[in-house]
Amino acid sequence: MRKICVLGLGYVGLPLAVELSKKYDVVGFDISQGRVNDLKNNIDKTLEVNSENLKSCNVNFSCDEESLKGSDFYIVTVPTPINESKIPDLYPIKAASRLIAKYLKKDDIVVYESTVFPGCTEEVCVPLLEQGSNLKYNEDFYCGYSPERMNPGDKNKTVKDIVKVTAGSTPEVAKLVDEVYASIVTAGTHLASSIRVAEAAKVIENSQRDINIAFVNELSIIFNKLGLDTAEVLEAAGTKWNFLKFSPGLVGGHCIGVDPYYLTYKAKQVGYNPEVILSGRRINDDMGSYVASEAIKMMIKKDLKIKESKALVVGVTFKENCPDYRNTKVVDIVHELTEYGLNVDCFDPHVDGSDFKHEYGLDIVNDFKKIDMSQYNCIVFAVAHKEFKDIDFNLNLDKQVVYDLKGIFPKDQSDGRL
């Protein structure tokens with residue numbers, strides 16, 4: 001039986017490791033001692049795996065490098081973020097490759113799931129594996145690629161429910177990689193012709209969504225200027241059988257707001273300037289500032305004090321019903337309102353306050369009972385957590401601006417929405 005080591009136990013790696021442990025001997029490795037301690041105590045702060053499933057799984061959770069020893073099938077699920085200049089940050093995937101190289105043996109297989117640009121596995125990771133192991137690629141060890149397709153917070157589409165694209169560095173290895181995933185993915189697999197094809201497939205999945213969302217975001221700006229309600233226009237247009245249903249909003253998170261930059265980075269390397277993709281990125285990256293400026297205009301129209309008045313931003317995660325705040329664009333709204341001179345508070349019952357404070361330098365209120373709504377001149381509902389529909393926010397449209405970005409409430413209960 002294969003011994004599999006999953007490196008990186010976040011939203012992607014943990015559910016995968018748990019599912020694999022039903023069929024294989026699995027080590028779950030993470031560099032965070034705190035994360036490993038939580039998992040050993042059956043606690044998953046990402047909420048992707050519940051306590052009962054953690055308790056019953058057979059994953060050996062560890063942050064000890066020696067735990068990699070003896071594995072013959074490595075799966076890398078570490079983050080692949082971008083830096084402040086929108087350039088791919090390959091440090092995590094390089095570090096994982098160097099670590100695996102220390103324990104790599106003849107005939108071992110290393111599979112990458114992290115989102116990268118086409119060519120990254122063989123151009124960046126393989127040389128590190130060769131250098132650290134003194135083994136030769138496709139003679140002594142082999143590689144594969146199977147892009148993650150996790151949707152944080154979605155309990156209806158888990159690892160086993162989503163078709164898995166697979167690829168290998170030789171036809172024989174490709175079949176072996178596909179067999180491993182096919183053994184746990186009930187939705188089936190798609191064996192791509194090469195690692196580069198699988199890499200490219202992943203990066204365009206989210207680039208496509210990014211462009212479509214940018215289109216409806218631009219529509220929302222246009223329709224706002226025309227005095228039209230975007231939701232009503234999209235509802236009418238959506239009655240056509242082939243109309244693609246996308247909604248305007250903030251585009252953050254670890255995928256849609258990041259992955260397109262991996263593709264544009266590689267495109268520029270080969271001499272092509274990807275205008276459509278980058279245009280969509282610019283629109284989506286600017287939406288936080290747009291929302292804040294619209295809220296300020298509404299305050300001016302109501303003759304509300306702006307400088308040193310208080311604002312409340314409700315919801316700070318990158319998507320609804322999920323504690324994930326990586327690359328959340330709600331922070332852009334907070335910063336923009338602050339630059340206008342407002343004192344901004346944030347409320348989100350899903351977010352760990354200490355972690356969020358460490359990441360963004362912002363305080364979070366988790367308990368709504370601690371909030372006095374009457375003190376705020378401006379309230380921005382930025383994320384549509386399901387709990388918000390059951391809370392009586394005691395809004396006063398005569399004395400407050402209420403911007404319902406996601407359309408949580410009926411149209412007449414807010415001053416505006418995207």
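What do you reckon, is V270 under 27 Å from D415 (Cα atoms) and modelled with pLDDT of 95 or more?
Details: under 27 Å from D415 (Cα atoms): no; modelled with pLDDT of 95 or more: yes.
No; evaluated as a whole, the condition is false for this residue.
If a residue has to be part of a loop (DSSP other than H, G, I, E, B) and either β-branched (V, I, T) or within 10 Å of the chain's Cα centre (by Cα) (or both) to count, how many in region 249-277 make the cut?
Within region 249-277, the subset part of a loop (DSSP other than H, G, I, E, B) is 249-258, 270-274.
Subset that is either β-branched (V, I, T) or within 10 Å of the chain's Cα centre (by Cα) (or both): 251-258, 270.
Total meeting the criteria: 9.
Within region 26-45, being in contact with a Lys or Arg (Cβ under 9 Å, 6 or more places away or on another chain) and closer than 14 Å to D64 by Cβ holds for V27, R35.
Taken together, the criteria exclude D415 from residues that are farther than 19 Å from V331 by Cα and loosely packed, with under 12 Cβ neighbours inside 10 Å. One residue is enough: does region 396-405 have a residue meeting the conditions within 22 Å of the chain's Cα centre (by Cα) and of a type outside the set (G, A, S)? Yes: region 396-405 contains one or more residues that are within 22 Å of the chain's Cα centre (by Cα) and of a type outside the set (G, A, S). Restricting region 76-87 to residues that are in contact with a Phe, Trp or Tyr (Cβ under 8 Å, 6 or more places away or on another chain) and crowded, with 17+ Cβ neighbours inside 10 Å leaves a set whose member that is farthest from Y24 (Cα to Cα) is I82. Taking residues in region 92-111 that are in contact (Cβ under 8 Å) with a residue 60 or more places away in the chain, and partners anywhere that are of a type in the set (S, T, Y) and crowded, with 18+ Cβ neighbours inside 10 Å, the pairs with Cβ atoms closer than 6 Å and at least 6 places apart or on different chains are I100/Y74; I109/Y142; V111/S146. V383 meets each of the listed conditions (1) crowded, with 21+ Cβ neighbours inside 10 Å; (2) part of a loop (DSSP other than H, G, I, E, B); (3) more than 26 Å from the chain's Cα centre (by Cα) apart from (3).
How many residues does region 220-248 contain that are more than 30 Å from V12 (Cα to Cα) and either outside any loop (DSSP other than H, G, I, E, B) or basic (K, R) (or both)? Give the derivation first.
Step one: list which residues in region 220-248 are more than 30 Å from V12 (Cα to Cα), which gives 220-243.
In the following step, the residues that additionally are either outside any loop (DSSP other than H, G, I, E, B) or basic (K, R) (or both) were identified as 220-225, 230-237, 240.
Residues meeting the conditions: 15.
Residue under question is E122, and the condition is that it be acidic (D, E), assigned by TED's automatic domain parsing to the domain that holds I31, closer than 28 Å to A267 by Cβ and at pLDDT 95 or above; does it hold? Walk me through it before giving the result.
Details: acidic (D, E): yes; assigned by TED's automatic domain parsing to the domain that holds I31: yes; closer than 28 Å to A267 by Cβ: yes; at pLDDT 95 or above: yes.
Yes.
When the criteria are applied in full, K160 meets the requirement of being surrounded by fewer than 19 Cβ atoms within 10 Å (Cβ to Cβ) and of a type in the set (K, R). Every condition in (1) crowded, with 19+ Cβ neighbours inside 10 Å; (2) in a helix (DSSP H, G or I) is met by Y142 except one, and the failing one is (2). Taking region 361-380 as the range and being in contact with a Phe, Trp or Tyr (Cβ under 6 Å, 6 or more places away or on another chain) and surrounded by 22 or more Cβ atoms within 10 Å (Cβ to Cβ) as the test, only V380 passes.
The values are calculated or read from the model by the stated rules, or taken from the named source; none is laboratory data. Being a predicted model, the structure only gives us computed values, none of them experimental. Cβ coordinates were reconstructed from backbone atoms using ideal geometry, including for glycine residues, and neighbour counts include every protein chain displayed.
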